Amino acid sequence: MSDETNDRQAAQSYELKVGFAEMMKGGVIMDVTTPEQAKIAEESGAAAVMALERVPADIRRDGGVARMCSIQIIEGIQKCVSIPVMAKVRIGHFSEAQVLDALGVDFIDESEVLTPADDAHHIDKHPFRSPFVCGARNLGEALRRIGEGAAMIRTKGEAGSGNIVEAVRHLRQVNGDIRAIGALRPEELPARAKELGAPVDLVRYVYEHGKLPVPNFAAGGIATPADAALCMSLGAEAVFVGSGIFKSEDPESRAKAVVHATTHWQEPAEVLNASRGLGQAMEGIEMETLDESERLANRGW
Amino acid sequence: MERRVGILAIQGDVAAHGRSVESAGARAVPVLREKDLDGLAALILPGGESTTISKGMDRLGLWEPVREFAASGRPLLGTCAGAILLSRASENHPVPTLGLLDAVARRNAYGTQVDSFAASVDAGGPAALAGLRCVFIRAPRLEHLGDRVEVLARVDAAPVLVRQANVWAATFHPELTPDPRVHQLFLSPQEPNQSS
């Protein structure tokens, strides 16, 4: 390819990564484990799919070490859909990430749903061509991940629980932390950055813009159309649905319904329409019954 | 009176287009229903997932109302996914399209996200767009252009900004860069003299 233009930038450019994350706003990203499920997700209007071997509810049930998805599954899914395909790597496992980058997945989720590979360090995400999404429970965690190169933040919630309470907690926490920064004086930002354990330039960005420098999505425990609408109302810009679709009684209807409610979250009558005739939602887990060691959100720092 | 510019708000980078519209001095209005098209000076079909947006068009019954909007002569701009929706047909996992632009859109023509890139427009285009930096994200290509389609900008000789009467299509994302020229041209009451 001729290159007379001297400002050409490739996919490593952070601007292109965040720009791609922008394209998913208002959408639903669905966990899928087979090409058939991926097709159902695409047909229902999903904005992307997340390729996995097991959905979080099954990972939780089965125990053991959860690793990056097998390559055949990801390739099978890439072949059968035209929407973006994401896949997860273990926290800190940059070799898994290099494999997915070489495979050309559209987005890499450095995810607490898989068993962490490094209990002290996350991946340095800047050198990769694929953009990264990471989970966060609060603003400090979100800004640490962005500092490492994440182009999209999602709440951790509590994956595979079918319980929205943790995603709500994390959304309120991140957005509350953002609002609190807006009330500071400029000279107070470095001390706040120190408390948050976050890079001061990113804290300053939040102060100046009143938002994260990357899209802020919800994940972890979304099981119904009303759950999706709740997250959007609390400031999420799109939603991930993990176990909520394919662990429910009628995945096809539920997938469409969650997409509809995410588009029309401001219209209760439409969320009502989306909520009709869906069959059983996935089974949920009460948080109090989960031991601290069973909580996936506690993975990472 | 303030000009209201609609942005189809089913899914995608609606907010980014909103910022571009406002910086061009107009008011951005989200569009989800036929009635939202009333009184709009122009309509934008944003970037996003063309499959997702086309499913939403089905659900909301918006295909005919958008075609009627185009027939009224008011300007439409589609970027990336929006350009696919405006085209006569799409290839590579086809989606339904509006058929308002006489071109075939090849979806994801450059590859997946790891093949996304930014580049400046080729020299020799209209002076008004000289040096324009274009961001391509899982971008389509426009092929088999009809005679009525004017090419306003190219990158590596491929058409990236085209126009057929009141219908404009960009395979890149002018809404993601601070350069306001594409939105300004699109929204200017004076038609640009594109062959200068």
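The values are calculated or read from the model by the stated rules, or taken from the named source; none is laboratory data. Every value quoted in this text rests on a predicted model; they were computed, and no experiment measured them. Note that we place each Cβ from the backbone using ideal geometry, even for glycine, and neighbour counts take in every protein chain shown.
Observations on the structure shown:
- Any hit, the range A:263-286, residues being closer than 26 Å to A:Asp58 by Cα and in contact with a strand residue (DSSP E or B) (Cβ under 7 Å, 6 or more places away or on another chain): no
- The C-beta contact set for the range B:83-95 (first residue in contact (Cβ under 8 Å) with a residue 40 or more places away in the chain and within 11 Å of chain A (Cβ to nearest Cβ), second residue in a strand (DSSP E or B) and polar (S, T, N, Q), distance under 9 angstrom, 6+ apart or interchain) comprises B:Ile84/B:Ser90.
- Odd one out for A:Gln37 among (1) away from every other protein chain (no Cβ under 14 Å); (2) under 18 Å from the mean Cα position of the chain (by Cα): (2)
- Of the residues in the range B:42-54, at least one is of a type outside the set (D, E, K, R), within 19 Å of B:His173 (Cβ to Cβ), over 15 Å from the mean Cα position of the chain (by Cα) and surrounded by 21 or more Cβ atoms within 10 Å (Cβ to Cβ).
- Qualifying position, being charged (D, E, K, R) and either surrounded by fewer than 22 Cβ atoms within 10 Å (Cβ to Cβ) or within 14 Å of chain B (Cβ to nearest Cβ) (or both), among A:Asp7, A:Asp31: A:Asp7
- All of A:Lys79, A:Lys88, A:Lys125 fail the test of being of a type outside the set (Gly, Ala, Ser) and over 18 Å from the mean Cα position of the chain (by Cα), apart from A:Lys79.
- Exclusive hit being at the interface with chain B (Cβ under 7 Å from one of its Cβ atoms) and either more than 23 Å from B:Gly111 (Cβ to Cβ) or hydrophobic (A, V, I, L, M, F, W, C) (or both), set A:Met50, A:Met23, A:Met86: A:Met23
- Boolean, B:Arg19 is surrounded by fewer than 24 Cβ atoms within 10 Å (Cβ to Cβ) and in contact with a Gly (Cβ under 9 Å, 6 or more places away or on another chain): no
- Some residue of the range A:80-99 being touching a helix residue (DSSP H, G or I) at 6+ places or on another chain (Cβ under 7 Å), of a type in the set (D, E, K, R) and either at pLDDT 95 or above or under 18 Å from B:Gln113 (Cβ atoms) (or both): yes
- If the condition is being touching a Lys or Arg at 6+ places or on another chain (Cβ under 8 Å) and surrounded by 24 or more Cβ atoms within 10 Å (Cβ to Cβ), then the range A:107-124 contributes A:Ile108, A:Asp109, A:Glu110, A:Ser111, A:Glu112, A:Val113, A:Leu114.
- Every listed requirement among (1) of a type in the set (Val, Ile, Thr); (2) more than 10 Å from chain A (Cβ to nearest Cβ); (3) in contact with a His (Cβ under 9 Å, 6 or more places away or on another chain) is met by B:Thr51 save one, (2).
- The range A:138-157, residues that are in a loop (DSSP other than H, G, I, E, B), closer than 23 Å to A:Arg169 by Cα and either aromatic (Phe, Trp, Tyr) or more than 12 Å from the chain's Cα centre (by Cα) (or both): A:Asn138
- Tally, over the range A:12-24, of residues that are in contact (Cβ under 8 Å) with a residue 24 or more places away in the chain, assigned to a loop (DSSP other than H, G, I, E, B) and surrounded by fewer than 23 Cβ atoms within 10 Å (Cβ to Cβ): 1
- Residues in the range A:41-84 that are crowded, with 20+ Cβ neighbours inside 10 Å and in contact with a Pro (Cβ under 7 Å, 6 or more places away or on another chain): A:Ala48, A:Ile77.
- Sole exception among (1) under 29 Å from A:Ala257 (Cα atoms); (2) buried (at least 22 other Cβ atoms within 10 Å of the Cβ) for B:Val29, by number: (2)
- Where helices (runs of 4 or more DSSP H) fall wholly inside the range A:34-135, the ranges with 2 or more residues that are touching a residue at least 60 places away in the same chain (Cβ under 8 Å) are A:35-44, A:56-62.
- Residue list for the range A:47-69, filter: within 14 Å of the chain's Cα centre (by Cα) and over 20 Å from A:Gly284 (Cα atoms): A:Ala47, A:Ala48, A:Val49, A:Met50, A:Ala51, A:Leu52
- Of residues in the range B:1-48 being polar (S, T, N, Q) and over 23 Å from B:Pro96 (Cβ atoms), the one farthest from the other protein chains (Cβ to nearest Cβ): B:Ser23
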